[in-house]
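What follows is a single structure, written as structure tokens, with notes after it.
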Amino acid sequence: MAFGKLYGLPDNGRTLSVLVAAKHNDLDLELVKTEAKADANTGAEYRSIQPLGKIPGFEGANGFKLSEVIAINIYVTSQNEKTTLLGKTKQDYASIVSWLSFANAELLPRFGAWYRPLLGLDGYNKKTVDEASKAALKTIAVLEKYLTENTYLVGERITLADTFTASLLTRAFATVLDKSWRSENPATTRWYNTIINQEPFKAVFPNPVFAEEVVKYTPPKKEEKPKPAAAAPEQPAEEKPKAKHPLEALGKPTLILDDWKRKYSNEETREEALPWFWQNYKPDEYSLWKVDYKYNDELKLTFMSNNLVGGFHARLEASRKYLFGAQAVYGANYANVITGVFLVRGQEAEPAFSVAPDWESYSFQKLDHTSEADRKTVEDLWAWDVPVKGADGQDLPFADGHVFK
Ligand SMILES: N[C@@H](CCC(=O)N[C@@H](CS)C(=O)NCC(=O)O)C(=O)O
């Protein structure tokens, strides 16, 4: 039986730090995928674990609930009375907590402010990103100075300070601590490699990524439409009637989308949800679409691809009443594709998808629910349990995904 549930994401540094700590103690934690978005985690149950809806959150098999990543790490690590990860003396322990706080409150937020806009996770402003990069580099210089004179952060062996700080830096190494930074900062680079290559770390983080160059900001793709020659004069703002969603005109369907969304969320996909779907599907009310990213050959790290999907879904918000879909990243870093299937109110894709400015970055292929092959496509891309074929016919396993519901 698992020691408890960890709410978070495998490619999130704070979540990873707890997985590494648990691995050190051979403790089994059930990872419950929870978005790194407080707004998405509003359920009362999760808020009773993490009042702000952030990740990670922990709930023990015995019902003990804990928020805040430092506390969760200490709790998980201290389950082993003989652990060496918490140091030998009171001074060691206090120094470990000091590094945990430094990594969590000083390093990570500064690096996040640098790479998050570059990855399209936060709004981009060149001046702000340049300032954030300077602040991040100044902060990590503390580590380089210390590690030039010390092998590990506390004492002569690996402690929680090392595993925690390295976990929180994984995304920085994958995106902004590039080759030239690494050659100029050999102590931190040597230390990071040592820590992530320890067996317990490697077991939960087997494929570290090292950026060659600082990841570049690429604005979301949007194909320009020619403007109409003479636009009708604008109505004053206060007189403008509230724009209705074009799909509202279709009226109320007999297949209630929320019923399907609940089935998909609460029942086993293959065993219960999909049979229910085919029994209740109304082809005159809805259509099924395979939705693929048009620029798969430009995708880099899988978590970046998954962020693209998350961003697209956030921008589809205005069509939530008319859409359900699962879209996922298949493959590995530098060899991945984004594909998925959506259930769409009506028979056209455009009215539902064009609310997202980046909808033209995707291709839309209508599926035929009477075709066995198309039904299999729907099932596979909603169940996420079989690989998809890459451009060269190779199998690309499921990596991560988002459900739009
Ligand atoms: N003080 C919390 C911070 C947790 C936190 O900020 N988590 C981020 C992901 S690494 C998050 O969930 N952010 C979502 C949001 O701010 O909406 C801790 O140390 O555990």
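Considered as a group, the residues in the range 378-394 that are in contact with a Gly (Cβ under 9 Å, 6 or more places away or on another chain) and outside any loop (DSSP other than H, G, I, E, B) include one that is nearest to LYS33 (Cα to Cα), and that residue is TRP382. Contact annotation: residue pairs with Cβ atoms under 8 Å, 6 or more positions apart or on different chains, pairing a residue in the range 231-259 that is polar (S, T, N, Q) with a partner that is at pLDDT 90 or above and surrounded by 12 or more Cβ atoms within 10 Å (Cβ to Cβ), are THR254/GLU285.
Just one of the listed residues (LYS221, LYS179, LYS202) is surrounded by fewer than 20 Cβ atoms within 10 Å (Cβ to Cβ) and at pLDDT below 95, namely LYS221.
Hey, does the range 314-331 have a residue that's out of contact with any helix residue (DSSP H, G or I) (no Cβ under 8 Å at 6 or more places or on another chain), in the same structural domain as PRO253 (by TED's automatic domain parsing) and polar (S, T, N, Q)? Checked the range 314-331: no residue is out of contact with any helix residue (DSSP H, G or I) (no Cβ under 8 Å at 6 or more places or on another chain), in the same structural domain as PRO253 (by TED's automatic domain parsing) and polar (S, T, N, Q). Among the charged types (D, E, K, R), touching a Lys or Arg at 6+ places or on another chain (Cβ under 8 Å) and modelled with pLDDT of 95 or more - does that describe any residue in the range 22-43? For the range 22-43, residues among the charged types (D, E, K, R), touching a Lys or Arg at 6+ places or on another chain (Cβ under 8 Å) and modelled with pLDDT of 95 or more: present. Residue selection: SER167 fails the criterion of being part of a helix (DSSP H, G or I), polar (S, T, N, Q), surrounded by fewer than 20 Cβ atoms within 10 Å (Cβ to Cβ) and touching a residue at least 24 places away in the same chain (Cβ under 8 Å). All of (1) surrounded by 13 or more Cβ atoms within 10 Å (Cβ to Cβ); (2) modelled with pLDDT of 95 or more hold for GLU372 with one exception: (1). Scanning the range 9-21 for residues that are out of contact with any Lys or Arg (no Cβ under 7 Å at 6 or more places or on another chain) and within 14 Å of the ligand (Cβ to nearest atom) returns PRO10, ASP11, ASN12, ARG14, THR15, LEU16, SER17, VAL18, LEU19, ALA21.
The selection criterion, being out of contact with any Lys or Arg (no Cβ under 7 Å at 6 or more places or on another chain) and either outside any loop (DSSP other than H, G, I, E, B) or at pLDDT 90 or above (or both), holds for GLN347. Looking at this structure, is GLU144 more than 25 Å from the chain's Cα centre (by Cα) and free of Cβ contacts under 8 Å to residues at least 24 places away in the same chain? Spelling it out, it is not the case that GLU144 is more than 25 Å from the chain's Cα centre (by Cα) and free of Cβ contacts under 8 Å to residues at least 24 places away in the same chain.
Scanning the range 87-138 for residues that are within 16 Å of the ligand (Cβ to nearest atom), under 20 Å from PRO219 (Cβ atoms) and among the acidic types (Asp, Glu) gives a single hit, ASP122.
Of the residues making up the range 37-79, those that are within 12 Å of the ligand (Cβ to nearest atom), assigned to a loop (DSSP other than H, G, I, E, B) and over 26 Å from THR159 (Cβ atoms) number 7.
The values are calculated or read from the model by the stated rules, or taken from the named source; none is laboratory data. These figures come from a predicted structure and were not determined experimentally. Here Cβ is always computed from backbone atoms with ideal geometry, including for glycine, and neighbour counts include all displayed protein chains.
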